[in-house]
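Asks: Sharing a structure with you now.
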Amino acid sequence: MLQPGEVVGLTGENGSGKSTLMKILVGEYRPDAGTVTRSGRLGYCPQQPVVYERLTCDEHFELFGCAYRMTPNEERRSRRGLYAALGFERYAGTRADRLSGGTLAKLNLGLAMLADPEVLLLDEPYSGFDWDTYLRFWELVAHRRHTGTRC
């Protein structure tokens, strides 16, 4: 069981099932045996971003905000904070199919963090990040750990 503020890394060789386990934990796959118990809001950043090519970054945040049942003000406040924390404000109006791999990874992570979930599951979240963004990512993880979010 994950405790508030706990950060856990899942390691293993390529093909060992790390991503499959993540998909079981979020409910995308059913386990062959055993059970997974979840409580509270869950954020999931899959290894391969799942975005709509023709939507802008802002439109993705608005869509996910609705899905998370956030008020428009809550969504905007969280979106602005994530743009600033990850350094991609200037891409707010850019369609997903025009984003670089690194910026797409920032959007993917931002969408997982938008509703400030109690549990955040990240599958290779910094793949494609430059060094500055990599450092920003770990600052975000440290902040969430300090405030009691489980990663």
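The values are calculated or read from the model by the stated rules, or taken from the named source; none is laboratory data. These figures come from a predicted structure and were not determined experimentally. Neighbour counts are summed over all protein chains in view; Cβ atoms, including those assigned to glycine, are modelled from backbone coordinates with ideal geometry.
Asks: Could you identify the single residue in Val50, Val36, Val8 that is among the hydrophobic types (A, V, I, L, M, F, W, C), part of a loop (DSSP other than H, G, I, E, B) and under 14 Å from the mean Cα position of the chain (by Cα)?
Replies: Numbers: Val36 fails: under 14 Å from the mean Cα position of the chain (by Cα); Val8 fails: under 14 Å from the mean Cα position of the chain (by Cα).
Criteria check complete, one pass: Val50.
Asks: Condition first: free of Cβ contacts under 8 Å to residues at least 40 places away in the same chain and either surrounded by 22 or more Cβ atoms within 10 Å (Cβ to Cβ) or among the aliphatic types (A, V, I, L, M) (or both). Now tell me which residues in segment 90-102 satisfy that.
Replies: Ala92, the sole residue that qualifies.
Asks: Here is a further query. For segment 63-84: of the residues being crowded, with 18+ Cβ neighbours inside 10 Å and assigned to a helix (DSSP H, G or I), which is farthest from the chain's Cα centre (by Cα)?
Replies: Per the criteria, the residue is Glu75.
Asks: Just to be sure before I move on: is Tyr134 within 22 Å of Gly9 (Cβ to Cβ), part of a helix (DSSP H, G or I) and of a type in the set (Ser, Thr, Tyr) in the structure I sent?
Replies: The answer is yes for Tyr134.
Asks: Residues of segment 20-33 being over 14 Å from the mean Cα position of the chain (by Cα) and either closer than 28 Å to Gly87 by Cβ or of a type in the set (D, E, K, R) (or both), which ones? Break it down into steps so the answer makes sense when it comes.
Replies: Step one: filter segment 20-33 for residues over 14 Å from the mean Cα position of the chain (by Cα), giving 20-21, 24-25, 27-33.
Scanning segment 20-33 gives Glu28, Arg30, Asp32.
Asks: Which of the residues spanning segment 51-63 are under 18 Å from Phe129 (Cβ atoms) and among the β-branched types (Val, Ile, Thr)?
Replies: Val51
Asks: Name the residues in segment 99-113 that are farther than 23 Å from Arg41 by Cβ and of a type in the set (Gly, Ala, Ser), would you?
Replies: Ser100, Gly101, Gly102
Asks: Hey, Thr35 hits all of (1) on the phi > 0 side of the Ramachandran plot; (2) loosely packed, with under 13 Cβ neighbours inside 10 Å; (3) modelled with pLDDT under 95 but one; which does it fall short on?
Replies: With (1) on the phi > 0 side of the Ramachandran plot; (2) loosely packed, with under 13 Cβ neighbours inside 10 Å; (3) modelled with pLDDT under 95 applied to Thr35, the lone miss is (1).
Asks: Sticking with this structure for a sec: Is it the case that Gly5 is in contact with a His (Cβ under 9 Å, 6 or more places away or on another chain) and either among the acidic types (Asp, Glu) or in contact (Cβ under 8 Å) with a residue 12 or more places away in the chain (or both)?
Replies: yes
Asks: So which residues in segment 87-104 are modelled with pLDDT of 95 or more and part of a helix (DSSP H, G or I), if there are any at all?
Replies: Result: Glu89, Arg90, Tyr91, Ala96, Asp97, Arg98, Thr103, Leu104.
Asks: Can you pull out the residues in segment 49-83 that are under 26 Å from Lys23 (Cα atoms) and basic (Lys, Arg)?
Replies: Arg54, Arg69, Arg79
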